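*Asks:* Let me begin by handing over the structure; questions about it come next.
The values are calculated or read from the model by the stated rules, or taken from the named source; none is laboratory data. Worth saying up front: this structure is predicted, and the values here are computed from it rather than measured. Cβ placement follows ideal geometry from the backbone for every residue including glycine, while neighbour counts extend to all protein chains displayed. Keep in mind that these areas ignore ligands, DNA and RNA; they rest on the heavy atoms of the full protein, side chains included. Shrake-Rupley method; radii C 1.70, N 1.55, O 1.52, S 1.80 Å.
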Amino acid sequence: MSLVPMSQILERANQEDYAVGGFNMNNLEFLQAIIEASEEEKSPVILQASEGALRYMDMHLALPMAISAAENADIPVAIHLDHGSDFSKIIECIRNGFTSVMIDGSKSPFEENIALTQKVVEAAHAVGVTVEAELGKIGGAEDDHVVKSASLADPDECVEFVERTDVDALAVAFGTAHGVYKGEPELDFELLAEVNNRIDLPIVMHGASGVPEESVVKAIELGVNKINVNTAFQQAWTAKVREVLEDPDIYDPRKICGPGRDAMKEAVKEKIRLFGSDNKA
Ligand code: G3H
Ligand code: ZN
């Protein structure tokens, strides 16, 4: 089991029609919650970190912990860079042990996104690392990744992009957004179905926090095999920590962050069961 390329995890999910969580790590407790929940649910997992989270944790401190956790886990774990912004950062992540990277060229014009993704795919595939890319612009904000004018993916572009880049997984913008939704998200399931019919590749859903459960299930039925969650786990962790801090006598960080971790772990387990990846390890 242990540390594997993301393609290995997603190939099976694609064949058996379930989704695997791309769960964001922001600190040690998040790492523990994600790995422990996945082990207890016997689920493969994609442990991912944004560039902002890697800066906060210091990649050279956090990554060895993540690799060690993955190597000692009795489930398949991929370690994935979320929303990688440029080639040199991606190469640094690959050199340090990531088994998967996202190159997010969605802010660039189509041809530039293709050229950048091709370059990343060539370098990553040479060393067995999986690549995710994005088409359309997923709205909202995650750390310093901010998209003010979101736009949906174009199915023709998706087909051409996949053929020309040889990418392994595609994040398709179909109406989800990063962060907290104002009102109910409007998802374009027809678009998702068309893209899924025309490309033979695992589709990634970003911005899953706050998406109603029935919409998540429908998205999985329509071809989504990786679902990214960050905000919902931050909220679960913080709600518990706030509750604990109401007691002014508590000052030991382990008694503050530990309960946050345990609350988040339950939230991770719920997502795993919703995505159908439990007992798939
Ligand atoms: O890339 C990470 C995600 O798309 C997470 O989105 O924070 O809205 O759950 P979220
Ligand atoms: Zn995202």
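*Asks:* Looking only at the stretch 153-163, count every residue that is over 15 Å from K107 (Cβ atoms) and assigned to a loop (DSSP other than H, G, I, E, B) and tell me the total.
*Replies:* 1
*Asks:* Turning to a different aspect of this structure: Just name the residue that is farthest from G175 (Cα to Cα) out of those in the stretch 101-126 that are in a strand (DSSP E or B) and touching a helix residue (DSSP H, G or I) at 6+ places or on another chain (Cβ under 7 Å).
*Replies:* The selected residue is V101.
*Asks:* Then there's this: Which of the helices (runs of 4 or more DSSP H) found entirely inside the stretch 189-281 contain at least 3 residues meeting this: more than 16 Å from ligand 1 (Cβ to nearest atom) and under 30 Å from R164 (Cβ atoms)?
*Replies:* 189-198
*Asks:* Then there's this: Kindly indicate the residue of the stretch 127-144 that is part of a strand (DSSP E or B) and within 10 Å of K107 (Cα to Cα) and also most open to solvent (accessible area, probe 1.4 Å) among those meeting that condition.
*Replies:* K137
*Asks:* Restricting to the stretch 199-222, count the residues that are within 13 Å of ligand 2 (Cβ to nearest atom) and either touching an Asp or Glu at 6+ places or on another chain (Cβ under 6 Å) or among the β-branched types (V, I, T) (or both).
*Replies:* The qualifying residues number 2.
*Asks:* Can we say V121 is without any contact (Cβ under 8 Å) to a residue 60 or more places away in the chain and within 16 Å of ligand 2 (Cβ to nearest atom)?
*Replies:* Considered against the rule, which asks whether it is without any contact (Cβ under 8 Å) to a residue 60 or more places away in the chain and within 16 Å of ligand 2 (Cβ to nearest atom), V121 comes out as no.
*Asks:* Looking for something within 15 Å of the chain's Cα centre (by Cα), surrounded by fewer than 24 Cβ atoms within 10 Å (Cβ to Cβ) and not in a loop (DSSP other than H, G, I, E, B) - is there at least one such residue anywhere in the stretch 14-23?
*Replies:* Checked the stretch 14-23: no residue is within 15 Å of the chain's Cα centre (by Cα), surrounded by fewer than 24 Cβ atoms within 10 Å (Cβ to Cβ) and not in a loop (DSSP other than H, G, I, E, B).
*Asks:* Conditions: (1) open to solvent by 50 Å² or more (accessible area, probe 1.4 Å); (2) in contact with a Pro (Cβ under 6 Å, 6 or more places away or on another chain); (3) within 16 Å of ligand 2 (Cβ to nearest atom). N225 meets all but one. Number of the miss?
*Replies:* It is condition (1) that N225 fails.
*Asks:* For D166, are the conditions met, namely being closer than 24 Å to H125 by Cβ and surrounded by fewer than 22 Cβ atoms within 10 Å (Cβ to Cβ)?
*Replies:* Judged against the criteria, D166 is a match.
*Asks:* Within the stretch 134-170, work out how many residues are of a type in the set (D, E, K, R), within 13 Å of N113 (Cβ to Cβ) and either at pLDDT 95 or above or away from ligand 2 (no atom under 12 Å from the Cβ) (or both).
*Replies:* 5
*Asks:* Enumerate the pairs (first residue in the stretch 17-46 and on the phi > 0 side of the Ramachandran plot; second residue anywhere and assigned to a helix (DSSP H, G or I) and at pLDDT 95 or above) with beta-carbon separation below 9 Å, excluding pairs fewer than 6 apart on the same chain, so at least 6 apart or on different chains.
*Replies:* D17/I220; D17/E221
*Asks:* Let me ask another. Just a yes or no: is a residue in the stretch 255-268 more than 16 Å from ligand 2 (Cβ to nearest atom), more than 28 Å from K42 (Cβ to Cβ), open to solvent by 70 Å² or more (accessible area, probe 1.4 Å) and not acidic (D, E)?
*Replies:* The answer is yes, given that some residue of the stretch 255-268 is more than 16 Å from ligand 2 (Cβ to nearest atom), more than 28 Å from K42 (Cβ to Cβ), open to solvent by 70 Å² or more (accessible area, probe 1.4 Å) and not acidic (D, E).
*Asks:* When residues of the stretch 18-52 are filtered for being of a type outside the set (V, I, T) and within 15 Å of ligand 2 (Cβ to nearest atom), how many remain?
*Replies:* Qualifying residue count for the region: 13.
*Asks:* Given S7, S106, S100, S2, which one is of a type in the set (S, T, Y) and over 30 Å from A153 (Cβ atoms)?
*Replies:* Answer to the check: S2.
*Asks:* Output yes when any residue across the stretch 102-116 is closer than 12 Å to Q48 by Cα, within 16 Å of ligand 1 (Cβ to nearest atom) and small (G, A, S), and no when none is.
*Replies:* Within the stretch 102-116, not a single residue is closer than 12 Å to Q48 by Cα, within 16 Å of ligand 1 (Cβ to nearest atom) and small (G, A, S).
*Asks:* What are the pairs with Cβ atoms under 9 angstrom where one residue, in the stretch 185-209, is open to solvent by less than 50 Å² (accessible area, probe 1.4 Å) and the other, located anywhere, is within 14 Å of ligand 2 (Cβ to nearest atom) and in a helix (DSSP H, G or I)? Sequence gap at least six, or different chains.
*Replies:* Every condition considered, the pairs that remain are G207/T231; A208/T231; A208/A232; S209/T231; S209/A232; S209/F233; S209/Q234.
*Asks:* Return the residue satisfying two criteria in turn: it lies in the stretch 39-78 and is part of a helix (DSSP H, G or I) and among the hydroxyl-bearing types (S, T, Y), and of such residues it is most open to solvent (accessible area, probe 1.4 Å).
*Replies:* Y56
*Asks:* Follow-up. Six or more apart or on different chains, Cβ atoms under 6 Å: show the pairs whose first residue is in the stretch 225-236 and over 11 Å from V20 (Cα atoms) and whose second is away from ligand 2 (no atom under 11 Å from the Cβ) and open to solvent by 10 Å² or more (accessible area, probe 1.4 Å).
*Replies:* Taking only residues 6 or more apart or on different chains, the pairs are F233/A267; A236/A263; A236/A267.
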